[in-house]
Amino acid sequence: MPDGFAHATDYVPGLVQEIRYFGDNNFVGRPIDGYEAPECILSIEAAEALASAQEALSEFGLGLKVFDCYRPQRAVTNFAEWARDPDDTSRMADYYPNVPKDELFERGYIAERSGHSRGSAVDLTIIDLATSEEIDMGSGYDLFDPLSWPSDLRPTADQRANRMLLQRVMVDAGFNLLDEEWWHFWLTEEPYPDTYFDFLVE
């Protein structure tokens with residue numbers, strides 16, 4: 001791990017990790033290249049900002065669960081290779097039921113580069129600290145569908161309020177939000193805006 005990076009749990013007390021690309025519970029259906037451990041790695045600046053968000057939520061008995069943090073470039077390449085294989089659709093029903101696989105690039109769901117590889121982006125949700133259960137966001141993580149857009153009106157009022165809460169604590173902590181994914185945020189003042197790293201997650 002290069003200087004300037006850290007395991008997020010060293011900075012964020014009580015952070016729950018469910019790193020989806022380390023295992024098979026993801027849209028590809030298998031572990032992804034570059035993930036040697038189920039660990040959230042971030043730039044130190046992003047980890048410190050995430051700690052601020054965690055602290056704000058903890059006052060209400062809530063906390064953060066991360067699904068993905070730093071993502072090696074080899075993992076992004078692995079996604080692109082998978083997207084070009086028309087026959088591998090084993091997780092279509094769960095993650096892209098309404099999008100033909102050959103349109104994943106065109107619609108922006110898969111790309112050759114990812115902000116995650118710059119080390120200051122994070123995918124996450126909110127949990128109830130008393131039960132460790134995720135609060136209801138109206139769609140699952142990594143669902144390739146407009147239902148995942150924070151602006152989509154199909155989720156209930158409570159689900160939209162939960163999305164808004166996540167947005168608020170993350171923006172207040174110094175992150176930007178993405179219009180197409182309620183779970184994705186990246187540090188406004190990211191320290192490596194032009195560098196795509198490829199060290200292992202371990």
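The values are calculated or read from the model by the stated rules, or taken from the named source; none is laboratory data. The structure displayed is predicted, hence computed values, not measured ones. As a convention, Cβ positions derive from the backbone with ideal geometry for all residues, glycine included, and neighbour counts pool all protein chains shown. All accessible areas refer to the heavy atoms of the entire protein, side chains included, with ligands and DNA or RNA removed. Shrake-Rupley method; radii C 1.70, N 1.55, O 1.52, S 1.80 Å.
Values for this structure:
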read-out	value
Selected residue (criterion: farthest from S52 (Cα to Cα)) from residues of region 6-19 that are open to solvent by 30 Å² or more (accessible area, probe 1.4 Å) and touching a residue at least 60 places away in the same chain (Cβ under 8 Å)	V16
Sole residue being under 15 Å from the mean Cα position of the chain (by Cα) and modelled with pLDDT of 95 or more, chosen from A51, A8, A37	A8
Some residue of region 96-117 being within 20 Å of L57 (Cβ to Cβ) and crowded, with 17+ Cβ neighbours inside 10 Å	no
Filtered residues of region 82-92 (kept if under 20 Å from the mean Cα position of the chain (by Cα) and either closer than 21 Å to A121 by Cβ or of a type outside the set (K, R) (or both))	W82, A83, M92
Filter result (small (G, A, S), assigned to a helix (DSSP H, G or I) and out of contact with any strand residue (DSSP E or B) (no Cβ under 7 Å at 6 or more places or on another chain)) within region 107-121	S117
Number of the condition not met by N162 [criteria: (1) assigned to a loop (DSSP other than H, G, I, E, B); (2) free of Cβ contacts under 8 Å to residues at least 60 places away in the same chain]	(1)
Of residues in region 150-188 being at negative phi and of a type in the set (G, A, S), the one least open to solvent (accessible area, probe 1.4 Å)	A173
So D68, is it buried (at least 17 other Cβ atoms within 10 Å of the Cβ) and acidic (D, E)	yes
Region 125-137 - residue that is of a type in the set (A, V, I, L, M) and assigned to a loop (DSSP other than H, G, I, E, B) and, of those, surrounded by the most Cβ atoms within 10 Å (Cβ to Cβ)	M137
Counted residues, region 165-193 - those being assigned to a loop (DSSP other than H, G, I, E, B) and either in contact (Cβ under 8 Å) with a residue 40 or more places away in the chain or aliphatic (A, V, I, L, M) (or both)	8
Residue match in region 71-80 (condition: polar (S, T, N, Q), over 21 Å from I126 (Cβ atoms), open to solvent by 20 Å² or more (accessible area, probe 1.4 Å) and touching a helix residue (DSSP H, G or I) at 6+ places or on another chain (Cβ under 6 Å))	yes
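So that you can scan it fast, the table gives a plain yes or no per residue for (1) at pLDDT below 95; (2) under 25 Å from Q54 (Cα atoms); (3) in contact with a Leu (Cβ under 9 Å, 6 or more places away or on another chain); (4) part of a helix (DSSP H, G or I):
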| site | (1), (2), (3), (4) |
| --- | --- |
| V66 | no, yes, yes, no |
| A80 | no, no, no, yes |
| D87 | yes, no, no, no |
| V99 | yes, no, no, no |
| F105 | yes, no, no, no |
| D123 | no, yes, no, no |
| S139 | no, yes, yes, no |
| L143 | no, yes, no, no |
| P155 | no, yes, yes, no |
